[in-house]
Structure formats: C-alpha cells, structure tokens
1. Across segment 105-151, which residue is surrounded by the most Cβ atoms within 10 Å (Cβ to Cβ) among those that are closer than 25 Å to LEU187 by Cα and of a type in the set (Asp, Glu)?
2. Filter segment 52-80 for residues that are hydrophobic (A, V, I, L, M, F, W, C) and farther than 18 Å from GLN103 by Cα and give the result.
3. May I ask you to list the residues in segment 298-309 that are in contact (Cβ under 8 Å) with a residue 12 or more places away in the chain and surrounded by fewer than 14 Cβ atoms within 10 Å (Cβ to Cβ)?
4. Might you let me know whether segment 209-222 holds any residue that is exposed (fewer than 14 other Cβ atoms within 10 Å of the Cβ), under 24 Å from the mean Cα position of the chain (by Cα) and in contact (Cβ under 8 Å) with a residue 60 or more places away in the chain?
5. Any residue in segment 67-89 that's within 12 Å of LEU57 (Cβ to Cβ): show its pairings with residues that are polar (S, T, N, Q) and in a helix (DSSP H, G or I) at Cβ separation under 9 Å, as long as the two are six or more apart or on different chains.
6. So, in segment 131-183, exactly how many residues are among the polar types (S, T, N, Q), part of a helix (DSSP H, G or I) and within 19 Å of SER202 (Cα to Cα)?
Amino acid sequence: MKTAMKYTSIIVSVLSALLLCTACEQEPLKIDVSLEAEYSGMLNAIRGADKSLSDKLDLIARAQSSGMVTSEQLLQLIEEAVASMNGTLEEKLDAIAEAIGAQTITLQNKLVLLEKALDAGFTSDVQAYLLIHKALESLSGTLEEKLAAVEEAIKSPVTGLETKMALIEAAIEKGFTEDAGRQALILAALESLTGSTEEKLSAIESALGSRTASLESKLALISGALEKGLGDGVTAIGNLQKALEEEVKGLGSDFSEAWDQTIKKLQTLAAEMAPDEFAKSIQGILTSVQGYAQDAETLLKKLQEEVQKL
C-alpha cells in the first residue's frame, strides 16, 4: 500500500513538473482562445491591464477568425481595448501606432481601432489619416493581395463611410490602385452601408465634409450615391454644396455670389425636369468635371460652365 502511494506521489510530481515546464516554455501572450470562448471572458481579458493594445487586438483577431465573436461584439471589444489604455495621450498614441503597424492585425480591425480612438479623443482625423497610411504600409504580399485587403475592408459593414473614403484616398496615394479604380471602390463603400435610407444619406453628408477626402472622391461619392439610388437630383445639389462649401468660401464673395446663382439654376432645373432626367444630367456633369478636381477654382468654374449648358 505504501509502495502504491509512493508511486502515485511520484507520478503526480512528474506530471506537475511537466505542466510547469510547458507553461514556462510557452510565450506569455500565447493565450488559448478556447479558454475564453464565453464573451464575458473575452471582455475581462480585454479590460485587463496585463496586455498591450497590440496583444489585445491580436487576441480579438484570433477569436474573430475562430468565429467566436460577432461584428457587433468585435466593435465592443475594440472599444473596450481602447478604453482600457493607460498613460499619457502621447503614450496612448504610441500604443495605437504600434498596433496599426502590426502585421497580425487585419486592416479592417485597424480601421475600427482608429474610429474608436477618434471617438475617445485620442487622435484627430488628420492623424488618423496618417495612421491609415501606416496601416497600408504594414500590408504584406503582392500589389494584388494588398488591394484585395483594401477591398475587403471597404466591403466590411463595421467601419464608417468617412473612414472608408480616407482608406480609398490613401490606397490611391500609395499606388495600390489608379484613379480609374476610385469609383468602383466608392461604389463598394456605398454598398456596405447599413441602416435606413436616412442613415445612409447622413453618412454620405458626413463623408462629404471630411478634411481627408479629395474633391475628386467627393464628386465620385455624389455620383455614386445617385447611381445607387441614395437620394435624388435635389439631394445631389445639397451634397454638391456640402462638398464644395469650404472651397467656395476661400474664393471670395464675388465668386460665392456666382456660385449661388449656379445652385439656384440647378434648383430651378430640378423643379422643371423629370426627376430621372435631372439625376442623369447631374451625373453627366459630375463625370465631365472630375478631371478638373485638382484645382478648386478651375473645378468650380467648369461646374458653372456645365450647368449653363443644361
């Protein structure tokens, strides 16, 4: 009996040593996601102070790839990860930049992170745009694979239209696609919008006021919204005013008055023409002037000329 107990004790000791050794050999952040299958467990892990922001996002990514979290839960987890950050604003920005540069985190999740950081006041829209460039620089693979990652992020419903517009702009600047691919990407972004028509129109209006989207992208967005049936020609006039508001102000009062007359003519035509016919006319104008979007004054003058032709 004593012998049996002795062997049992030895076996237990050996097993304990093996388990301890295995735990020592594992990297401390190699968390078995299956142990946190319950969402509450995931939340506790993300809210803890024992992991960096990058490690938390890596954990979320592994849970996501395993199908353990929904899109809604993904948003909450990343928001919780941002909220759990400690330190000065500079330290938080450094942690965000580190996570944005990590190759283990998807482009989609990096965009969500930037949106949550903006909501929390940790960064500005201009800083976020620079970080989107950093996120694109972290992509590996061929040009086609990088563009595929951008397209996947644009089609995802978990990020806003304004963020996707910034991503499209950055992707074009990085040479992932040419200007000719801009419209297709913007149409994909519009198709990803969820919610009511009013909510979609509100998202479009917000994106048109962005400081990081180019005039060319804004014109393409207005045209794309018409193509997707998001608003009519009258809505497009309002969107055009929103998109060019700052540029018109910068050109002085004389030009502003001339632009007001152009808008009034468009409004008159909208009342006189059939809705579908007017919408097509607006689309035609937008298509013809997009090539002049590099210079605000030239663009506005060309718009006025095209409107006078109607």
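1. GLU115
2. Listed by number, the residues that qualify are MET68, VAL69, LEU74, LEU75, LEU77.
3. GLN308
4. The answer is yes; a qualifying residue exists.
5. Between residues of segment 67-89 that are within 12 Å of LEU57 (Cβ to Cβ) and residues that are polar (S, T, N, Q) and in a helix (DSSP H, G or I), the close pairs are LEU74/GLN64; LEU74/GLN108; LEU74/ASN109; LEU77/GLN64; ILE78/ASN109.
6. Within segment 131-183, residues that are among the polar types (S, T, N, Q), part of a helix (DSSP H, G or I) and within 19 Å of SER202 (Cα to Cα) number 1.
Each reported figure results from applying straightforward, stated rules to the coordinates on display, with no laboratory input. Since this is a predicted model, take the numbers as computed values, not measurements. Glycine gets a Cβ as well: all are built from the backbone with ideal geometry, and neighbour counts include every protein chain shown.
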